Amino acid sequence: MRDYLLREISELVRSKIRDPRVGQITITDVEVSLDSSFAKVYFTRLGDDYDKLMLENILNKAQGFVRTHIAKNLNMRVAPHISFKYDDTLEHGDRISRLLAEVNVKI
């Protein structure tokens, strides 16, 4: 289920969500609850010219659309409730790399 959701949501966001503020985001991971009733979708976007909270809000407002699409494609009566969360893993790794470079530690 996780891999299917990752693939479907990535394609859906890329091709169907037309809000120009979203831009080019990447779905990085999906966590699905044991009973498949909830799915947390993590995303990231490269660059510094965007508001992470705004992107989360835009995507979470589209969650009904995403959920309906998933239900239709899976032939499910009820699809998992979907929430979007910004994934700061890349930024965190970049910050650690910069800090290590400051103390002259080579990776």
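The values are calculated or read from the model by the stated rules, or taken from the named source; none is laboratory data. Source: prediction; values computed, not measured. As a convention, Cβ positions derive from the backbone with ideal geometry for all residues, glycine included, and neighbour counts pool all protein chains shown.
Side notes on the structure shown:
- Filtered by the rule that a residue be touching a residue at least 12 places away in the same chain (Cβ under 8 Å) and part of a loop (DSSP other than H, G, I, E, B), the range 1-18 gives MET1, ILE17.
- Answer residue from the range 77-96, given it is surrounded by fewer than 12 Cβ atoms within 10 Å (Cβ to Cβ) and without any contact (Cβ under 8 Å) to a residue 40 or more places away in the chain and is farthest from ILE17 (Cα to Cα) among those: ILE96
- Residues located in the range 19-41, provided they are among the acidic types (Asp, Glu) and assigned to a loop (DSSP other than H, G, I, E, B): ASP19, ASP35
- Within the set LEU100, LEU74, the sole residue that is in contact with a Lys or Arg (Cβ under 9 Å, 6 or more places away or on another chain) and modelled with pLDDT under 85 turns out to be LEU100.
- Of all residues making up the range 60-107, the number that are more than 19 Å from the chain's Cα centre (by Cα) and part of a loop (DSSP other than H, G, I, E, B): 9
- Filtered by the rule that a residue be surrounded by fewer than 17 Cβ atoms within 10 Å (Cβ to Cβ) and under 16 Å from HIS81 (Cα atoms), the range 4-50 gives TYR4, ASP29, GLU31, SER33, LEU34, ASP35, SER36, SER37, PHE38, LYS40.
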